[in-house]
1. What list of ³J(HN,Hα) couplings, whole Hz, do you get for segment 463-468 from phi and the Karplus terms 6.51, -1.76, 1.60, once you set θ to phi - 60° and write x for glycine and proline?
2. Within a Cβ distance under 11 Å of THR407, other residues only, what is the Lys/Arg minus Asp/Glu net charge?
3. Using helices alone, I'd like the mean residue ellipticity at 222 nm for the chain: each DSSP H run of four-plus residues gives -39500 (n - 2.57), total over residue count, nearest 500.
4. Using the per-residue mean of other Cβ atoms lying within 10 Å as a proxy for protection, in what order, highest first, do the peptides 302-308, 44-50 fall?
5. Simple spin-label model, 7 Å along Cα-to-Cβ: ALA259 to HIS122 in nm?
6. Among bridges DSSP assigns within the chain, what percent are antiparallel (round to 5)?
7. Mind giving me the FRET efficiency for THR444 and ASN423? R0 is 30 Å, r the Cβ-Cβ distance, nearest 0.05 is fine.
8. Check each of the trypsin sites (Lys or Arg not before Pro) in segment 183-259 and keep only those in coil by DSSP with at most 10 other C-beta atoms within 10 angstrom; list them in order.
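Nothing in this text is a laboratory measurement; each read-out follows from the coordinates by a stated rule. Just so it is clear, the model here is predicted, and its values are computed rather than measured. Glycine also receives a Cβ, built like all others from the backbone with ideal geometry; neighbour counts cover every protein chain displayed.
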Amino acid sequence: MTTVLFVAAEAAPFAKSGGLGEVVGSLPRALRRLGVDARVVMPLYRTVPPAFQAEMALVKEFTVPVGWRRQYCGLHTLRHRDVPFYFLDNKYYFDRPYYYNQPDEAERFAFLARAALEAIPHMGFKPDIIHGHDWHAGLVAPYLAAHYRHRPFYRNIRTVFTIHNLKYQGVFDKAIIGDIVDLGWEHFTLDGVEFYDRINYLKAGIAYSDRVTTVSPSYAEEIRHLYHGEQLDGLLRKRGGDLTGILNGIDCETYDPAADPHIFRRYDAASPEGKLENKRCLQEALGLTVDAAAPLVAVVSRLVRQKGLDLIIRVHEEMLALGIQLVVMGDGEDWYRAFFWDAAGRHGGKIVPLAYDDIGSRRILAAADLFLMPSLFEPCGLAQLTAMRYGALPLVRETGGLRDTVTPYNRFSGEGNGFSFANYNAHDMLDTLGWALSLYGDRTVWQTLVRRAMAGDYGWERSARRYNELYDTLVVKEAAHAHRQERIPTGVPRQSGEAARQTAGGDVRRRKVPSPQQPHPGLSWPAVAAVAPGNAGEAGLLPVY
């Protein structure tokens with residue numbers, strides 16, 4: 001049996017801010033159904049629900065090296081839905097009201113990576129593979145190479161690293177390399193953790209891990225190119241043979257309109273007419289005009305530029321002129337929140353902005369006719385999968401996982417489960433919306449599309465098999481090549497000169513090895529308060545043509 005330990009900053013239902021938490025919370029269970037002993041280690045945040053904390057058992061207390069410090073760590077465990085979860089307790093780092101956007105992000109997630117490795121001997125099992133997720137776990141592989149590989153217990157452990165969103169990388173001042181990161185300057189190289197004369201946690205995970213995955217085949221291809229590569233496209237091209245795109249899934253037991261206790265009326269693919277009752281109840285609850293014939297369009301999203309909100313803003317009045325009702329649910333940047341609140345005031349009864357709420361999001365999807373997701377880029381996207389599960393037909397831009405999961409309706413063959421457009425262009429989106437609404441009046445065609453969308457396979461089984469195959473490849477390779485000398489970093493041989501310039505995707509000017517400097521707290525962005533927006537400040541729309 002292959003044994004795998006996930007290392008991540010969040011996992012549902014204990015802590016979730018987005019897709020990362022959804023994936024880490026549900027993929028291990030699917031792997032265990034295939035016979036993989038998959039487990040998860042994550043921080044014990046203050047916000048973990050008390051009911052879960054009360055069920056946890058203390059396994060061990062120990063100290064963790066963080067630079068020159070020795071920091072306390074309590075290892076707690078809990079079995080949830082057949083998956084063993086381990087929690088790293090340190091109140092200094094994790095007893096806070098937010099998961100992210102703290103001034104000491106570099107130190108907090110250096111602790112996570114180091115504590116996860118220190119905790120393994122106390123867990124009662126030895127993983128064949130450590131699977132790190134996103135930049136928060138990016139230091140696991142370099143720590144394994146630099147500090148643990150010489151120990152017999154860790155010698156044969158392999159590593160997989162998953163990029164959930166390349167845009168978020170964890171980039172910090174190089175001065176922390178010794179004081180906080182605890183790596184020697186020999187790792188501060190083009191092939192190591194160096195990134196434009198700074199330290200990049202995500203790059204570290206990519207460079208040192210045995211295999212790298214991302215969350216859809218299309219995104220795996222896109223990030224090898226300059227436009228989507230976020231200045232790491234050279235490294236990703238270099239690691240192309242070790243980079244795999246595996247599509248995400250959703251927990252179809254949790255997101256099931258036939259059993260969901262939170263929606264107004266339950267329904268399934270065989271009898272989707274129940275959506276009409278959900279629509280009527282939502283319209284009443286939100287103060288919208290109760291009208292079964294008015295197409296209800298939903299946006300449930302983080303309010304950030306990535307999600308294509310600029311396109312909606314550019315043509316929102318033309319969209320409303322088509323007779324739709326628009327519900328926008330999400331938290332994020334103040335500018336977007338302020339705009340939709342203002343638009344709701346100008347178009348009473350037609351636009352409703354809401355802060356994100358899990359129960360509310362399900363009610364919206366159960367009621368919506370269309371789900372709008374015109375992303376600038378999208379690694380995978382889980383919202384469109386959940387929307388289809390609830391019978392809200394997706395209207396998406398053809399990028400990343402949206403292209404892999406949404407098949408546009410073909411009026412000649414009858415194929416498709418939604419609608420899509422290719423260019424990042426507001427009027428292309430508007431034209432596609434008009435095309436979708438022209439079909440809305442044909443209830444036979446529309447109900448056929450709704451039933452097909454609801455009946456789709458969005459679960460984890462297929463993707464879990466792909467991960468299992470990847471794990472098996474690593475385990476078999478390790479058994480056949482146990483004598484292989486470890487490279488630092490794994491998978492990216494050192495280069496120099498013009499070859500480095502062609503593959504680096506970063507600043508490769510020759511420079512001396514820097515000397516240690518004073519500690520630097522690192523970079524962070526201030527947390528956005530979840531309150532009604534005020535002045536939008538000096539922010540403005542980016543041009544959208």
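1. 5, 4, 5, 5, 5, 4
2. With Lys, Arg at +1 and Asp, Glu at -1, the net is -1.
3. Counting only the DSSP helices, I get -9500 deg cm²/dmol.
4. 302-308, 44-50
5. Result: 3.6 nm between the two label points.
6. Details: 23 of 68 bridges.
If I count the DSSP bridges inside the chain, around 35 percent turn out antiparallel.
7. 0.45
8. Nothing satisfies the criteria.
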